[in-house]
Amino acid sequence: MKRFALTLAAAAFSFGLAPSLASAGSTVIIEQYGNYNSVGAVQQGSDNFAHVYQKKKRNRAMIGQRGRGNIAVSGQEGYNNSSGIYQKGKKNIAGVAQFGKNNDAQIEQNGSSNAAGIIQVGKGHKAHTSQSGTGNTSLVIQGDW
């Protein structure tokens, strides 16, 4: 059944729908304003939190969380922005904020108590941060406005 649910979520995401699969004690909040925005959120474990905010057109976000007590937040305003946050472990925190168009941000965390943030303002920026282990911190800020 879990495999079916994950396959369904992946298929829905690729077709621009907004699925959310949350496990016990976990929370997913999705806010979308505009046209053709899409979100996918999958959680496995307990006490995970995900919040996605998108405004304007053709923004895409994916959040995948596995473990306990992880927090992921993605906010995008503009056109054709893309973000992905993937967390495995416990007590990781990650956030993406993008304003403009054609920006791409990806955060991967594997371990515990890691913190990562990406802020991009303008157009055409790309950032990817990956953390493994315990207690790592990363911050990327890019802009041209």
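Worth pointing out:
Conditions tested, residue by residue: (1) surrounded by 18 or more Cβ atoms within 10 Å (Cβ to Cβ); (2) of a type in the set (A, V, I, L, M).
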position: N59; (1), (2): yes, no
position: V73; (1), (2): yes, yes
position: A97; (1), (2): yes, yes
position: N102; (1), (2): no, no
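- Qualifying residue in segment 82-96 (condition: among the basic types (K, R), over 22 Å from G25 (Cβ atoms) and modelled with pLDDT of 95 or more): no
- Filter result for the condition that a residue is part of a strand (DSSP E or B), in contact with a Leu (Cβ under 7 Å, 6 or more places away or on another chain) and under 23 Å from V28 (Cβ atoms), over G45, G117, G75: G117
- L139 satisfies every condition listed in (1) surrounded by 18 or more Cβ atoms within 10 Å (Cβ to Cβ); (2) farther than 16 Å from G40 by Cα except (1).
- Residues of segment 120-145 satisfying the condition of being assigned to a strand (DSSP E or B) and under 16 Å from G78 (Cα atoms): Q120, V121, G122, K123, K126, Q142, G143
The values are calculated or read from the model by the stated rules, or taken from the named source; none is laboratory data. In this text, all values refer to a predicted model and were calculated from it rather than measured experimentally. Cβ atoms come from the backbone with ideal geometry, glycine included; neighbour counts cover every protein chain shown.
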